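Below you'll find the structure, written out as structure tokens, and then a few comments.
The values are calculated or read from the model by the stated rules, or taken from the named source; none is laboratory data. Quantities reported herein were computed from a predicted structural model and do not represent experimental measurements. Because the Cβ atoms are built from the backbone with ideal geometry, glycine has one as well, and the counts that use them run over all protein chains shown. Ligands, DNA and RNA are excluded from the accessible area calculation, which covers all protein heavy atoms including side chains. Shrake-Rupley method; radii C 1.70, N 1.55, O 1.52, S 1.80 Å.
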Amino acid sequence: MRVLGIETSCDETAAAVVDGERRILADEVLSQQDDHRPFGGIVPEVAARAHLEHIDGLIERAVEKAGITFADLDAVAATAGPGLIGGVLVGAMTAKALSAVLKKPFIAVNHLEGHALTARLIGNLDFPYLLLLVSGGHCQLLVVEGVGRYRRLGTTIDDALGEAFDKTAIMLGLGYPGGPAVETWAAKGEPKRFPLPRPLKGRPGCDFSFSGLKTKVRQTVEALPQDENGKLTDNDIADICAAFQAAVEDVLANRTANAIAAFRARHLGPAALVVAGGVAANAAIRKRLAALASEQGFRFIAPPPRLCTDNGAMIAWAGIERLRAGLTDGLDFAARPRWPLDPDAPAAAGAGVKA
Ligand code: KG4
Ligand code: ZN
């Protein structure tokens, strides 16, 4: 079984071929970071145009590198949401056209399901498992009960974690995307010099909040002396990054510990904690979560960084999982900007916000 996976929901244009034996036969990713850097963030229209320009070439290259022809594909999968709708449309329409021409099934993949199932692409892992999904647009704790079956335990009441990393980086003049830069600077800093809040830490439940942390970072930056170009000293930048990274780790560990307890209350037997999404590429966060999992007797799984950030392999793999479950889609499937994994989940509550 071989599936082509197409990903265009954010700022990576990607196409990959994965087979039923979990082999990634080709995995082409083209980052648009250079296109968006001058704007300090992703510009949806720029993203959509760049996807349109590159997607055909990437697909051709992926099929060629996989050593197959289009006729050897069993299905064509594409992210159909959630994400920036202009980009999502480019990938989904391309996949539908290929599916029509090849007379092979089309599979509409939820981008979040792509991240969620990546752990099963890299190794043996049975349902159910606990998932911390941390990306540029999402911060959620979920129980993955099966393909298409998710129970959300908590989500963010304001910013996503990747967004908090990116905004912190911009305030410090570290450019876009911010996550990797903040992580690198944090390793050189002193985490205790600037006290930063740990929003919702110690409260019951599994929701998150990052806007108060972001505000405190801004106030800390503004209170420090800056040179004529508005830059802080390298020491100040490193110490703020270290403080931010430490606060984030504490919050994630606390909320995930609550989720582990909630998971344990319903599921006996072997258990695993999976971390996925772009922020899961952060080595310090992985280390902290690995320690928590091991304390709690949970297996810990974090995909290699390349499979944490957006890619086509995770979409192809989700396509394989769905194809096996007999879940294919019609060509009238509408791309969507919002698409929760657990539409029945209660709204997030915390920090004064009522459910
Ligand atoms: O999953 P992803 O590639 O795209 C979305 O679906 O959002 O996640 C991108 C996010 C960005 O906010 C980026 O700054 C963050 O993941 N990120 C990181 C790291 N690498 C990427 N955040 C913290 N540490 C990293 N090493
Ligand atoms: Zn993503």
Problem - Residue (of 173, 189, 153) at the positive-pole extreme of the range 145-190, dipole from beta-carbon charges - result: 153
Problem - In sequence order, calculated HN-Hα J values of the range 300-315 (Karplus, 6.51, -1.76, 1.60; Hz; x Gly/Pro) - result: 10, 10, 10, x, x, x, 4, 8, 7, 6, 4, 7, x, 4, 5, 6
Handout entry: Ranked order, 215, 233, 94 - accessible area, probe 1.4 Å, largest first
Key = 233, 215, 94
Exercise for the section: Tell me what the chain gives for mean residue ellipticity at 222 nm when only DSSP H runs of n ≥ 4 count, each as -39,500 (n - 2.57), the sum divided by the residue total, rounded to 500 deg cm²/dmol. Expected result: -13500 deg cm²/dmol
Practice task
Please state the charge dipole magnitude for the chain, taken about the Cα centre, from unit charges on C-beta atoms (+1 on K and R, -1 on D and E), reported in debye and rounded to the nearest 20.
Solution key: 1240
Problem - Extension gain from residue 264 to residue 201, taking 0.36 nm per residue of separation minus the Cα-Cα distance - result: 20.7 nm
Exercise for the section: Could you state how much accessible area residue 2 has, in square angstrom rounded to the nearest 10, with a 1.4 Å probe and all protein chains kept in place? Expected result: 90
Exercise for the section: Compute the convex hull volume of the Cα atoms of the range 127-302, divide it by the residue count, and report the result per residue in Å³ as a whole number. Expected result: 103
Handout entry: Between the range 64-85 and the range 144-202, the Cα center-to-center distance that results, in Å
Key = 31
Problem - Residue-normalised accessible area of the range 277-355, expressed per residue, 1.4 Å probe, Å² - result: 49
Completion exercise
Phi-derived 3J(HN,Hα) across the range 65-78 with the Karplus relation (6.51, -1.76, 1.60, θ = phi - 60°), rounded Hz, x for Gly and Pro, is 5, 6, x, 10, 10, 4, 5, 7, 6, 9, 6, 10, 10, 8
Handout entry: Probe 1.4 Å - accessible area at residue 231, Å² to nearest ten
Key = 80
Problem - Normalised contact order of the chain, rounded percent, pairs of Cα under 8 Å and 6 or more residues apart - result: 24
Handout entry: Eligible lysines near residue 65 by straight Cα distance, threshold 25 Å, same-chain separation 8 or greater
Key = 96, 103, 104
Practice task
Find the centroid of the Cα atoms in the range 89-139 and in the range 4-29, then give the distance between the two in whole Å.
Solution key: 10
Exercise for the section: Consider all pairwise Cα distances in the chain and report the whole-number % of them above 34 Å. Expected result: 26
Problem - Accessible surface of the range 127-302 [probe 1.4 Å, protein heavy atoms]: carbon and sulfur percent - result: 52
Practice task
Hey, can you grab everything whose amide H is under 5 Å from the amide H of residue 153? Only 5+ residues off in sequence or another chain; H modelled, so Pro and N-termini drop out.
Solution key: 141, 142, 143
Completion exercise
Sorted list, accessible surface of protein heavy atoms, 1.4 Å probe, largest first, for 336, 61 is 61, 336
Exercise for the section: Pull up the DSSP beta bridges for the range 127-302 and report the antiparallel fraction as a percent, rounded to 5. Expected result: 60
Practice task
Could you run the Karplus curve 6.51 cos²θ - 1.76 cosθ + 1.60 with θ = phi - 60° over the range 187-201 and give me ³J(HN,Hα) per residue in whole Hz, x for Gly and Pro?
Solution key: 5, 9, x, 9, x, 9, 5, 10, x, 10, x, 10, x, 6, 4
Completion exercise
Quick tally, 1.4 Å probe accessible area for 339, 317, sorted with the most first, runs 339, 317
Problem - Rounded tilt (10° steps) of 211-222 against the dominant C-alpha axis of the chain - result: 50
